[in-house]
1. Search region 58-70 for residues being assigned to a strand (DSSP E or B) and over 19 Å from residue 28 (Cα atoms), and hand back the single one that is most open to solvent (accessible area, probe 1.4 Å).
2. Scan 22, 40 and give me the residue that is of a type in the set (Lys, Arg), modelled with pLDDT under 90, closer than 16 Å to residue 3 by Cα and open to solvent by 50 Å² or more (accessible area, probe 1.4 Å).
3. Counting just the residues of region 71-85 that are modelled with pLDDT of 90 or more and in a loop (DSSP other than H, G, I, E, B), which one comes out most open to solvent (accessible area, probe 1.4 Å)?
Amino acid sequence: MGRKPETIGAVTAGGRHPTLYRRGFPIDLGGPHAPSGPPRLGSEVFCLLPAAGGRFVVLSYARESPVPDRERRGEKAWEAFLKTVKLTGRKT
């Protein structure tokens, strides 16, 4: 249930430029037995970073509120975080 990931661009993280994805996921805003319309969706933005040994790291930012963040506080913090990511144990 939710929305499949859609490509929204690229980002710089961990010295790489991975693809950035966004997906919607259902959020719980009421009683499970109360009648309601279509499920409200939160939003998750994520990227996959290749790591050593065939592994990968998922970096994800999720917002569960259906109310828009007009000042983009969470997204600004997410973008600042991505700039600081460093992978250890990776051969350069």
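The values are calculated or read from the model by the stated rules, or taken from the named source; none is laboratory data. What you are looking at is a predicted structure, and each value in this text was computed from that prediction instead of being measured. For the accessible areas, the whole protein counts, side chains as well, though only heavy atoms, and no ligand, DNA or RNA atoms are used. Shrake-Rupley method; radii C 1.70, N 1.55, O 1.52, S 1.80 Å.
1. Per the stated criteria, the residue is 58.
2. Criteria check complete, one pass: 40.
3. 71
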